[in-house]
Amino acid sequence: MTPIRQVDIRGPRFAAWVTTVVLAVVLLTGSGWLLAAQAVVFAVGAFAGLRYAPYGVAFRTLVAPRLGPVRETEDEAPPRFAQLVGFGFALVGTLGYLTGAPVVGAVATGLALVAALLNAAVGFCLGCELYLIVRRARPARSH
């Protein structure tokens with residue numbers, strides 16, 4: 001059985017703040033290329049793990065040492081799933097912006113921005129909640 005990887009709960013919230021800023025800039029500029037870069041950030045977090053995600057590395061090396069010891073951790077799976085959801089929205093948005101459908105790009109970016117801002121500002125991770133719903137909906141595995 002694979003051990004559950006734990007993450008400092010402050011890391012995903014820091015990443016959500018950075019993501020909020022990036023997505024706001026995308027909405028203001030309509031930059032499909034900046035959104036593509038954010039999609040890569042989401043993809044690394046979703047597929048390789050939060051410890052390899054650029055914002056996670058920045059948090060761990062630059063921010064966390066200044067905050068003091070870790071007081072609370074959480075299972076990595078829900079925020080990692082949230083990164084996957086963010087990747088999906090960023091991918092759709094990138095395709096929208098880069099193929100001449102800026103409304104699609106703006107709507108997808110706006111939805112991702114709302115989710116990132118919720119996590120950053122009040123600690124409510126929409127993708128994490130979706131993860132829990134999906135987990136409950138899946139049939140139990142027999143051992």
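How about segment 109-143: which of its residues are among the hydroxyl-bearing types (Ser, Thr, Tyr) and assigned to a loop (DSSP other than H, G, I, E, B)?
Residue satisfying the conditions is SER142 alone.
Among the residues of segment 52-68, count how many are outside any helix (DSSP H, G or I) and either touching a residue at least 12 places away in the same chain (Cβ under 8 Å) or touching a strand residue (DSSP E or B) at 6+ places or on another chain (Cβ under 8 Å) (or both).
1
So which residues in segment 1-45 are outside any helix (DSSP H, G or I) and touching a Phe, Trp or Tyr at 6+ places or on another chain (Cβ under 9 Å)?
If the condition is that a residue be outside any helix (DSSP H, G or I) and touching a Phe, Trp or Tyr at 6+ places or on another chain (Cβ under 9 Å), then ASP8, GLY30, SER31 are the ones that fit.
What pairs come out if I take residues in segment 7-24 that are more than 11 Å from ALA58 (Cβ to Cβ) and pair them with residues that are of a type in the set (Ser, Thr, Tyr) and part of a helix (DSSP H, G or I) whose C-beta lies under 6 Å away, six or more apart or interchain?
Between residues of segment 7-24 that are more than 11 Å from ALA58 (Cβ to Cβ) and residues that are of a type in the set (Ser, Thr, Tyr) and part of a helix (DSSP H, G or I), the close pairs are LEU23/THR109.
Would you check which residues across segment 98-108 are hydrophobic (A, V, I, L, M, F, W, C) and either at positive phi or in a loop (DSSP other than H, G, I, E, B) (or both) and list them?
ALA101
Can you find a residue in segment 105-118 that is at pLDDT 95 or above, within 19 Å of ARG10 (Cβ to Cβ) and buried (at least 20 other Cβ atoms within 10 Å of the Cβ)? Steps first, answer last, please.
Taking segment 105-118 first, the residues at pLDDT 95 or above are 105-118.
Still in the running and within 19 Å of ARG10 (Cβ to Cβ): 115-118.
After this cut, where a residue has to be buried (at least 20 other Cβ atoms within 10 Å of the Cβ) as well, the list is 115-116.
Among the residues of segment 105-118, at least one is at pLDDT 95 or above, within 19 Å of ARG10 (Cβ to Cβ) and buried (at least 20 other Cβ atoms within 10 Å of the Cβ), which makes the answer yes.
Can you tell me which residues in segment 18-38 are within 18 Å of ARG80 (Cβ to Cβ) and either surrounded by fewer than 21 Cβ atoms within 10 Å (Cβ to Cβ) or in contact with a Pro (Cβ under 9 Å, 6 or more places away or on another chain) (or both)?
Within segment 18-38, VAL18 is the sole residue that qualifies.
Which one of these does GLU74 not meet: (1) assigned to a helix (DSSP H, G or I); (2) in contact (Cβ under 8 Å) with a residue 60 or more places away in the chain?
(1)
Could you count how many residues in segment 81-126 are touching a Ser or Thr at 6+ places or on another chain (Cβ under 7 Å) and farther than 16 Å from ALA37 by Cβ?
So the count comes out to 2.
Could you tell me which of the residues VAL122, VAL103 is under 17 Å from the mean Cα position of the chain (by Cα) and β-branched (Val, Ile, Thr)?
VAL122
The values are calculated or read from the model by the stated rules, or taken from the named source; none is laboratory data. Every value quoted in this text rests on a predicted model; they were computed, and no experiment measured them. Here Cβ is always computed from backbone atoms with ideal geometry, including for glycine, and neighbour counts include all displayed protein chains.
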